[in-house]
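Engineer: One structure, pasted below without further comment.
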Ligand code: AMP
Ligand code: ZN
């Protein structure tokens with residue numbers, strides 16, 4: 001794409017949603033990357049020296065709500081996590097990528113987001 005918004009996947013925001021507002025710069029955040037599809041910003045309550053959230057501009061509440069045609073978005077999110085990990089200096093030591101999905105995983109913001117966490121040794125998932 002050449003900077004043009006793709007209405008089929010990029011331009012569906014939810015007025016009430018915090019991460020839609022951050023992506024549209026209608027709420028404050030420290031954005032570390034953005035393009036037509038995704039926005040990445042620092043988590044407001046970091047649990048490690050590097051803690052970035054990567055979100056699609058399109059509002060999708062949870063991974064349960066993901067549709068097959070959204071696969072490009074997920075690819076863009078994971079690719080951005082990989083690149084940011086390199087740029088933020090945690091690729092060599094390693095990092096964790098996490099999607100929390102709904103209540104049992106502790107999802108508190110209903111707009112899908114990929115946590116990129118690194119910069120220290122992380123505990124076990126158990
Ligand atoms: P989750 O539990 O996966 O839904 O994680 C939501 C994350 O969003 C948490 O790590 C919060 O610290 C983070 N968060 C909440 N509000 C903001 C905000 N305004 N800016 C940046 N990160 C936020
Ligand atoms: Zn949203």
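Read-outs: derived from the displayed coordinates by stated rules, not from any lab. Remember, it's a predicted structure, so these values are computed and weren't measured experimentally. Using ideal geometry, Cβ is built from the backbone for each residue, glycine included, and neighbour counts are taken over all protein chains shown.
Engineer: Springs between alpha-carbon atoms under 10 Å, Gaussian network over the chain: tell me which of 75, 106, 89 tops the mean-square fluctuations.
Structural biologist: For the chain, modelled as a Gaussian network with Cα springs under 10 Å, the answer is 106.
Engineer: Taking one equal scatterer on every alpha-carbon of the chain, how large is log10 of I(q)/I(0) by Debye at q = 0.13, 0.23 1/Å?
Structural biologist: Here log10 of I(q) over I(0) equals -0.51, -1.53.
Engineer: Ok, one more. Hey, what angle do you get for helix 71-87 against the long axis of the chain, alpha-carbon based, 0 to 90 degrees rounded to 10?
Structural biologist: Relative to the chain, helix 71-87 is tipped by roughly 40 degrees.
Engineer: Treat each spin label as a single point 7 Å out from the Cα along the C-beta direction, and report the residue 83 to residue 67 distance in nm.
Structural biologist: 2.6
Engineer: What order do you get for 58, 25, 82 when you list them from fewest to most C-beta neighbours inside 10 Å?
Structural biologist: Going from least to most buried by this count: 25, 82, 58.
Engineer: Sorted from fewest to most neighbouring beta carbons within 10 Å, what does the list 52, 32 look like?
Structural biologist: Going from least to most buried by this count: 32, 52.
Engineer: Here's another thing I want to ask about it. What number, in percent, do you get for the relative contact order of the chain if the mean sequence gap of Cα pairs under 8 Å and at least 6 apart is divided by its residue count?
Structural biologist: Once normalised by length, the contact order is 27 percent.
Engineer: Going by C-beta contacts inside 10 Å, put 83, 57 in order with the fewest on the left.
Structural biologist: In order of increasing Cβ crowding within 10 Å: 83, 57.
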